[in-house]
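Notes for the one structure printed next.
The values are calculated or read from the model by the stated rules, or taken from the named source; none is laboratory data. What you are looking at is a predicted structure, and each value in this text was computed from that prediction instead of being measured. Every residue, glycine among them, receives a Cβ derived from its backbone with ideal geometry; neighbour counts consider all protein chains shown. Side chains are part of the model used for accessible areas, which takes the heavy atoms of the whole protein and leaves out ligands, DNA and RNA. Shrake-Rupley method; radii C 1.70, N 1.55, O 1.52, S 1.80 Å.
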Amino acid sequence: MRYHDVIVVGAGLSGLRAAIAVNQKNVNVAVLTKVHPLRSHSIAAQGGVNAALGNNPRGGFDTPEKHAFDTVKGSDYLADQPAVLAFTEAAPDRIYEMEHWGCPFSRTPDGKIAQRPFGGAGFPRTCYATDKIGHVLLHTLYEQAVRFEHSSERQNFQIFEEFMVTRLVVEDGECRGVIAMNLATGELESFMAEAVIFATGGSGRVYIPSTNALISTGLAVAIPYWAGVPIKDMEFIQFHPTTLLGSGILMTEGCRGEGGFLTNSEGDRFLANYSDSAKAMEIAPRDIVARNMQREIVEGRGVAGQHINLDLTHLGAEKIMTRLPGIRDLSMSFVGVDPIKEPIPVRPGQHYTMGGIDTNGNCETEIKGFYAAGECAAVSVHGANRLGGNSLLETLVFGKIAGEHAADYVQAKAASKQGESAIKQAFSEQEAKHRELTAGAGSENPADIRDELGALMVDKVGIFRNEEDITDGWKKVKVLQNRFKKAKAGWAGKRFNQSLMWLLELEGNLAIAELVVAGALARKESRGSHFRLDFPTRNDEAHLMHTIARWSPDDEKMKLAYRAVELGIWEPKERKY
C-alpha cells in the first residue's frame, strides 16, 4: 500500500495546478493520471482564457465585477454568485502567474498580453496564444511540475503515469484514498491519503460525437457518485456551435471572436434574424448560437441540408495564419478545406459538462478530505451555460484553491494514516469486480452499448428536448444498463488490458447518462443549455435551483433533490445581447 498526504487524480491544468499548490505548502503529493500529463485533454483547448486585464483598447474599462456579471448572465442566473465573484477577482493574478512562469501568450504591439472578444463578454477579455492556448498553458504548468518533482528531496512530488483510478475509498464520511489500476501491469494498487483531489475533466464521451478526447468519460464523476458524493446539475450539457463536420473536432470560438461569419445555404448571416442573437451576432453566448444554427439546419436552410458555413475568408491570409493557424491546419487535414479560400463546414456538437461533483467555493465536498476542481466539479460558476474562456480560468483558479485547502486540511489533522481496513476491503472488492468482468465470454458487445448510448444521448437529450424524447431516453438508458450486466471484457490478460479499461469507462458513462436524463426530465423549463420545446421559457419561481443527484446504495437507485442558487448580487433578468 502506497501512502501520500494528498493524491491528485488527473494531470491536466486543474490537476497540475492543484499539485503545485499542495507542494508549495510543503505537503507530500502524488498525481495519478491515465495518460502522460501532456496528453491530458486540457492541451486541446484553442481559443483563450478570460481575465479582466483591460489590455485591449476597448477593454480598458473592464473589471472583475463586469466579468462576474457577464458570467452570471451567461449562466442564465444558475451560477452561485459569490463563487463567481471570487473566481473573476482571482483571474488577473492567475494569468500573470502563468505569464511569469513563461507562458507564451500572444502580445499586443506594446508587449501586453493580447485579448480578443468572446461570446457573451461585454469586453475583449480573452487572453490567447494564437489558437493553441491549452497547449501552451499545459506545457507551462508541466514545466513547473517537473521542476517541483525533480527538486523534491523527500519525494514530495510524484507523478504516476498510466494509473487509472477505479474507486474512491470513504469510511465514516472521510476520504481514505483510492484504488487504481496500473495499466502497464494490469495490477490494482492501493493509495492511502489524508486528502484526495479529483481533477479529471469532463464527461463528454457520454455523447457521440463530442469534441472531448476519448479519455473524457463519465467514470471519474461516477466513482465519487457511487461513494456517496452528491452530483450537481448534470442536465446542463453545452453544445459548441462550431465543430467540424464529420469528425466533431472543435473549431474555436476565437474564429468568431476574430470576426468570422456564420452563414446558411443562402449565404445569409442568419443570426440577425433571431432576437436573442441579432445584436451580438456570432459572439452571442454558445447556447444561443448553437440553438439558432440548429434551427437553420432543421428548417432546411443548412448547407447541403446538414451544416452551416464558418466563413473566415474575409479576414485575409495574414490574420488567419497568425491568429488561427491551428484551425487552418485542422480544416485542411480533416475536411480538405483551406479557410483562407473557402468556408469551413461546421455544426453544433457536444463540448462541455456544466454539472459535476458538488463542491463549495473552496472545492470541498460533503466527504471530509475529498475535493474536486475543473470540469469534473460544479462549484457552480458556469450554471446552465458556460461562457467561452471561463473553463481554462476555472482550472487555474480552482486548481490552486483545491490544492491549498487540501494541504491546509492535511496539516490541521490530528491523526494520519487511518482507514487501512477500509482500503483493504475496497481493494478486495475491486479485484473481485475485475475478475468478474474479464471472466468468460459475455453475450453483449461493450462497443455496441457505447455507440448506442452516445447516439441516443445526442438524439434524446441534445440541443432541443421534450418530454417524449427524454422519457424515451430514460427507458433506453435503463435498457443499456441492464445489457451492460451481460458485457464482458474481450481479453483476460493483464498488461494494457484496453478491453477492461473501456468496459469500466462504459459503466461510468451509463451512470452519468442516467443523471443527465433524470435531471432533464425533472427540469420543466428552458434555461441556458437545457432547452425544452414543451417548456420554452425560464421559470425562476420553480426552478432557480441546483439539481442534486445522490446514489442510494441500499436500493441501488438514483435520487434527486434541489438546492437554492446563491444570489446576493444580481437578481435574475431576461438575457438580452
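Considering segment 283-318 alone, what residues qualify as being in contact (Cβ under 8 Å) with a residue 40 or more places away in the chain and of a type in the set (D, E, K, R)?
Across segment 283-318, the qualifying residues are ARG286, ASP287, ARG291, ASP311.
Can you tell me which residues in segment 349-364 are touching a helix residue (DSSP H, G or I) at 6+ places or on another chain (Cβ under 7 Å), assigned to a loop (DSSP other than H, G, I, E, B) and surrounded by fewer than 23 Cβ atoms within 10 Å (Cβ to Cβ)?
GLY361, ASN362, listed by residue number.
Mind listing whichever residues of segment 331-364 are of a type in the set (Ser, Thr, Tyr) and within 18 Å of the chain's Cα centre (by Cα)?
TYR352, THR353, THR359
I'd like the residue in segment 198-215 that is in contact with a His (Cβ under 9 Å, 6 or more places away or on another chain) and among the β-branched types (Val, Ile, Thr) and, out of all such residues, is most open to solvent (accessible area, probe 1.4 Å).
Within segment 198-215, the match that is most open to solvent (accessible area, probe 1.4 Å) is ILE215.
Regarding THR63, is this residue open to solvent by less than 30 Å² (accessible area, probe 1.4 Å) and of a type in the set (Ser, Thr, Tyr)?
No.
Which of the numbered conditions does GLU420 fail, given that it passes all the others? Conditions: (1) open to solvent by 70 Å² or more (accessible area, probe 1.4 Å); (2) under 26 Å from ASP358 (Cα atoms); (3) in contact (Cβ under 8 Å) with a residue 60 or more places away in the chain.
(2)
So, in segment 366-379, of the ones that are over 16 Å from VAL178 (Cα atoms) and either part of a strand (DSSP E or B) or out of contact with any Cys (no Cβ under 6 Å at 6 or more places or on another chain) (or both), which residue ends up most open to solvent (accessible area, probe 1.4 Å)?
It comes out as GLU366.
How many residues does segment 217-232 hold that are open to solvent by 10 Å² or more (accessible area, probe 1.4 Å) and among the small types (Gly, Ala, Ser)?
Total satisfying the criteria: 3.
Residue check: is GLY519 surrounded by 19 or more Cβ atoms within 10 Å (Cβ to Cβ), in contact with a helix residue (DSSP H, G or I) (Cβ under 7 Å, 6 or more places away or on another chain), in a helix (DSSP H, G or I) and not basic (Lys, Arg)?
no
Sort out which residues of segment 274-301 are in a helix (DSSP H, G or I) and open to solvent by 50 Å² or more (accessible area, probe 1.4 Å), and write them in order of number.
ILE283, ARG295, VAL298
Quick check on segment 306-321. Is at least one of its residues within 30 Å of GLU235 (Cα to Cα), within 26 Å of the chain's Cα centre (by Cα), at pLDDT 95 or above and open to solvent by 10 Å² or more (accessible area, probe 1.4 Å)?
Yes: segment 306-321 contains one or more residues that are within 30 Å of GLU235 (Cα to Cα), within 26 Å of the chain's Cα centre (by Cα), at pLDDT 95 or above and open to solvent by 10 Å² or more (accessible area, probe 1.4 Å).
For GLY259, indicate whether it is crowded, with 24+ Cβ neighbours inside 10 Å and of a type in the set (Gly, Ala, Ser).
Answer is no for this residue.
Scan segment 492-508 and tell me whether some residue there is among the polar types (S, T, N, Q) and under 17 Å from TRP226 (Cα atoms).
No.
Is one or more of the residues making up segment 261-270 within 25 Å of the chain's Cα centre (by Cα), part of a loop (DSSP other than H, G, I, E, B) and modelled with pLDDT of 95 or more?
No - not one qualifying residue is present in segment 261-270.
Among the residues in segment 540-550, are any surrounded by 13 or more Cβ atoms within 10 Å (Cβ to Cβ), in a helix (DSSP H, G or I) and without any contact (Cβ under 8 Å) to a residue 24 or more places away in the chain?
Scanning segment 540-550 turns up at least one residue that is surrounded by 13 or more Cβ atoms within 10 Å (Cβ to Cβ), in a helix (DSSP H, G or I) and without any contact (Cβ under 8 Å) to a residue 24 or more places away in the chain.
Anything in segment 322-336 that is assigned to a loop (DSSP other than H, G, I, E, B) and open to solvent by less than 30 Å² (accessible area, probe 1.4 Å)? List them, or say none.
Within segment 322-336, LEU324 is the sole residue that qualifies.
Matching residues to (1) open to solvent by less than 20 Å² (accessible area, probe 1.4 Å); (2) hydrophobic (A, V, I, L, M, F, W, C); (3) free of Cβ contacts under 8 Å to residues at least 40 places away in the same chain:
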| residue | (1), (2), (3) |
| --- | --- |
| ASP93 | no, no, yes |
| MET98 | yes, yes, no |
| PRO109 | no, no, yes |
| GLY122 | no, no, no |
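Which of the residues that make up segment 430-470 are without any contact (Cβ under 8 Å) to a residue 24 or more places away in the chain, open to solvent by 60 Å² or more (accessible area, probe 1.4 Å) and closer than 30 Å to ASP172 by Cα?
ARG435, GLU436
Please determine whether any residue of segment 337-348 is in a loop (DSSP other than H, G, I, E, B), of a type outside the set (D, E, K, R) and under 30 Å from VAL461 (Cα atoms).
Yes, segment 337-348 contains at least one residue that is in a loop (DSSP other than H, G, I, E, B), of a type outside the set (D, E, K, R) and under 30 Å from VAL461 (Cα atoms).
Quick one: is GLY302 small (Gly, Ala, Ser) and touching a Lys or Arg at 6+ places or on another chain (Cβ under 7 Å)?
no
Any residue at all in segment 179-196 that is open to solvent by less than 10 Å² (accessible area, probe 1.4 Å), closer than 14 Å to VAL8 by Cα, in contact with a Cys (Cβ under 6 Å, 6 or more places away or on another chain) and not basic (Lys, Arg)?
yes
If you check SER247, SER265, which single one turns out to be crowded, with 16+ Cβ neighbours inside 10 Å and in contact (Cβ under 8 Å) with a residue 12 or more places away in the chain?
Testing whether each residue is crowded, with 16+ Cβ neighbours inside 10 Å and in contact (Cβ under 8 Å) with a residue 12 or more places away in the chain leaves just SER265.
Let me spell it out: the conditions are (1) more than 29 Å from ALA19 (Cβ to Cβ); (2) in contact (Cβ under 8 Å) with a residue 40 or more places away in the chain, and HIS135 meets all of them except one. Which number is the exception?
It fails just one condition, (1).
Determine which member of the set GLU282, GLU266, GLU318, GLU253 is in contact with a Lys or Arg (Cβ under 8 Å, 6 or more places away or on another chain) and over 25 Å from ASN385 (Cα atoms).
GLU266 is the lone residue from the list that is in contact with a Lys or Arg (Cβ under 8 Å, 6 or more places away or on another chain) and over 25 Å from ASN385 (Cα atoms).
How about segment 551-577: which of its residues are modelled with pLDDT under 95, closer than 30 Å to GLU514 by Cβ, in a loop (DSSP other than H, G, I, E, B) and open to solvent by 50 Å² or more (accessible area, probe 1.4 Å)?
PRO553, ASP554, ASP555, GLU556, listed by residue number.
Taking segment 167-178 as the region of interest, how many residues are surrounded by fewer than 20 Cβ atoms within 10 Å (Cβ to Cβ) and in a strand (DSSP E or B)?
Looking only at that region, the number is 2.
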